[in-house]
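The values are calculated or read from the model by the stated rules, or taken from the named source; none is laboratory data. Because the structure is predicted, anything quoted here is derived from the model rather than measured. Here the Cβ is made from the backbone with ideal geometry for all residues, glycine too, and neighbour counts use every protein chain on show.
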Amino acid sequence: EKYRHEDDSNPNWKKHKKHVFIMSSAGKPIFSRYGNEELLNPIYGVMCSLVNFVSEQNDTLRCIYAGDHKIAFLVRGPVFLVMASRTGEPAAHLTRQLQFLYTQLVSILTRKGLEHVFRRRHGFDLRNLLGASGEQFLSNLASSMDAHKASSSLPLQTSLSYLLGAPSCLRLPVAARQSINRALLSVKNPNLTYAVLIAGHKLVQFVRPRKTALWAEDLLVIINLINSSSSFRASEGSWTPLCLPLYSPDANVFAYIGFLGKYGAPDVCLVFISSRDDEFFNLSTSKHMVATQLQESSALGQIQYALRKPSFSIEEVESGGYGVARDVHHFVYVSTAFNQLVAPCFAPPYTDKRLQQQLLRSYQEAHWRLHKRNRSERMQFVVSNSHSMLVWVDRDLELFVTLGPLTSRGLALAACSRLIKWIKREEQTLFITPQMW
C-alpha cells in the first residue's frame with residue numbers, strides 16, 4: 001500500500017522503515033514508495049541538491065549515515081534514486097535494490113527514452129509517461145524486495161532472489177521438466193526470441209536462442225511484470241512493449257503474457273518475447289498449443305501441485321541418508337553456473353516471521369562480506385548468539401548455511417559437504433537447464 005494521504009509531517013509516514021524516492025536530476029519527483037510525491041516535493045529538492053553539490057566537487061554521493069538510518073544514493077544519467085532505511089541492511093544492498101528499481105524503470109521506458117525525454121526538457125514530469133501501471137510495477141518490486149517483512153504475504157525466497165540476483169526455481173520431477181521442454185520447443189518460431197514459463201514468483205523453464213543469453217536480471221523483470229497487475233490474469237492474453245535492460249537497454253521488445261487459468265492453472269503464466277509487434281495472434285495460438293501439451297502430459301498438474309506444496313525440507317535431505325538435519329537449520333544455494341537459487345522451507349526455530357527476517361539480515365551481511373572489495377576468502381565461518389553461519393564459495397556455487405550456535409567449524413564443513421552432495425544428486429529437479437531453439 002502506498003498511503004497516498006501521507007507526507008513527511010504525518011507521524012505514520014515516519015514509521016515506515018524503508019523509503020524509496022526516484023527523481024530527475026532537476027529534482028522533479030518520479031516515484032515514492034510511500035506518500036504523495038507532490039506533498040513530498042521539499043524532500044526531493046533537498047536530496048537532489050545534495051547529489052548535485054557532491055557532484056560539483058567531482059565526487060559521487062553513495063551513502064549518508066545518520067543515527068540508525070542509512071540513506072543510499074544511486075545516480076543513473078538523468079535519474080537519481082534514493083533509499084532511506086533503518087532496517088539494518090548493509091548500504092551495498094540498499095544500492096543493489098536501487099539498481100533493480102532503475103532496471104525496472106528502464107524496462108518501462110528504455111534507457112534511450114529516459115535520456116531523450118530529459119535532454120529535450122530538463123524539468124519534464126516523467127510521471128506523465130510512467131502512468132499508473134508503471135508506478136504499480138515499481139511499487140510491486142519494492143514490496144517484493146521486502147517480502148521478509150512481517151506484513152508481507154510473499155515467500156521469503158522472493159526477497160532472496162533480489163538479494164542474490166538469481167530467480168528461485170520451482171522444484172519438479174525430471175519427467176515433468178522434459179514434458180515442459182518438449183512443449184516449449186514445439187512452438188519454435190523465427191520471430192520468437194524467448195519463451196518463459198513462470199508459476200507464482202518462481203521460474204519453471206525458459207527457452208532462448210543458442211547465441212543469445214537470457215540474463216537473471218531480465219528474468220526478474222519479467223517475473224515482477226506479470227505479478228504486478230491483476231489485468232494480466234483477467235485477460236486471455238495480453239500484448240505489451242517491454243525493454244529487457246540487459247538484452248537491449250535502448251529498445252523495446254514485445255511480450256505476449258498469457259495466464260493458464262482456462263486450463264485450471266491460474267497462477268501459471270506463459271510469456272513469449274518477440275522483436276516484432278505483429279505477432280500477437282501467432283503467439284496466442286502458440287500459448288494454447290503449449291498449454292494443451294502440458295495438460296495432456298500431466299506436467300501442468302505437477303506444476304500446480306509443486307506450487308501449492310511447501311518447498312522441500314531439511315528432513316528430506318536427511319532422509320536421503322546425508323545426515324545434515326541435526327546440524328543445519330536452513331540454507332541458500334546459488335548456482336552461479338545457472339544464475340538460479342534454491343532454499344528449503346523453514347523449520348524450527350525459523351517458523352516465526354520475525355526470526356526469518358533476522359535470518360535474511362544475516363544472509364545479507366554474509367553476502368556483503370563475501371563480495372566486499374578486496375576480499376578473496378572462499379570460505380567464512382561466523383558465530384553469533386543465535387546461530388552460526390558458514391559461507392562456502394566454489395567455481396559454480398555460493399552456499400550460505402545456517403547452523404546451531406554451538407556447531408563447530410569442523411562439523412559445519414562436514415554438513416556443508418554432505419549438503420552439496422545431495423544438491424548435486426537432485427540438481428535436475430532443483431535447477432533449470434536452459435533450452436535453446
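Just give me the residues in segment 386-399 being part of a strand (DSSP E or B) and over 16 Å from residue 424 (Cα atoms), in sequence order.
The answer is 388, 389, 390, 391.
So which residues in segment 1-27 are buried (at least 22 other Cβ atoms within 10 Å of the Cβ) and either of a type in the set (Lys, Arg) or farther than 16 Å from residue 82 by Cβ (or both), if there are any at all?
Listed by number, the list is empty, since nothing qualifies.
Restricting attention to segment 38-58, does a residue exist that is surrounded by 15 or more Cβ atoms within 10 Å (Cβ to Cβ), touching a helix residue (DSSP H, G or I) at 6+ places or on another chain (Cβ under 7 Å) and in the same structural domain as residue 100 (by TED's automatic domain parsing)?
No, segment 38-58 contains no residue that is surrounded by 15 or more Cβ atoms within 10 Å (Cβ to Cβ), touching a helix residue (DSSP H, G or I) at 6+ places or on another chain (Cβ under 7 Å) and in the same structural domain as residue 100 (by TED's automatic domain parsing).
Only one residue in 114, 98, 105 is in a helix (DSSP H, G or I), among the aliphatic types (A, V, I, L, M) and either surrounded by fewer than 16 Cβ atoms within 10 Å (Cβ to Cβ) or out of contact with any helix residue (DSSP H, G or I) (no Cβ under 9 Å at 6 or more places or on another chain) (or both), so which one is that?
Matching residue, one of 114, 98, 105: 98.
How about segment 195-217: which of its residues are buried (at least 23 other Cβ atoms within 10 Å of the Cβ) and more than 16 Å from residue 431 (Cβ to Cβ)?
Residue satisfying the conditions is 195 alone.
If you check every pair at least six apart or on different chains, which have Cβ atoms under 7 Å apart with a residue in segment 227-239 that is touching a residue at least 40 places away in the same chain (Cβ under 8 Å) first and a residue that is of a type in the set (A, V, I, L, M, F, W, C) and in a helix (DSSP H, G or I) second?
Hits for this filter: 228/137; 239/280.
Could you check how many residues of segment 248-262 are free of Cβ contacts under 8 Å to residues at least 40 places away in the same chain and either assigned to a strand (DSSP E or B) or surrounded by 19 or more Cβ atoms within 10 Å (Cβ to Cβ) (or both)?
The total comes to 6.
Output the residues belonging to segment 365-386 that are over 24 Å from residue 335 (Cβ atoms), surrounded by 11 or more Cβ atoms within 10 Å (Cβ to Cβ) and not polar (S, T, N, Q).
Passing the criteria: only 383.
Could you list all residues from segment 11-24 that are in contact with a strand residue (DSSP E or B) (Cβ under 6 Å, 6 or more places away or on another chain) and over 24 Å from residue 88 (Cβ atoms)?
Answer for segment 11-24, where residues must be in contact with a strand residue (DSSP E or B) (Cβ under 6 Å, 6 or more places away or on another chain) and over 24 Å from residue 88 (Cβ atoms): just 23.
Pick out the one residue from 224, 128 that is surrounded by fewer than 16 Cβ atoms within 10 Å (Cβ to Cβ) and not in a loop (DSSP other than H, G, I, E, B).
Checking each option against the conditions leaves just 128.
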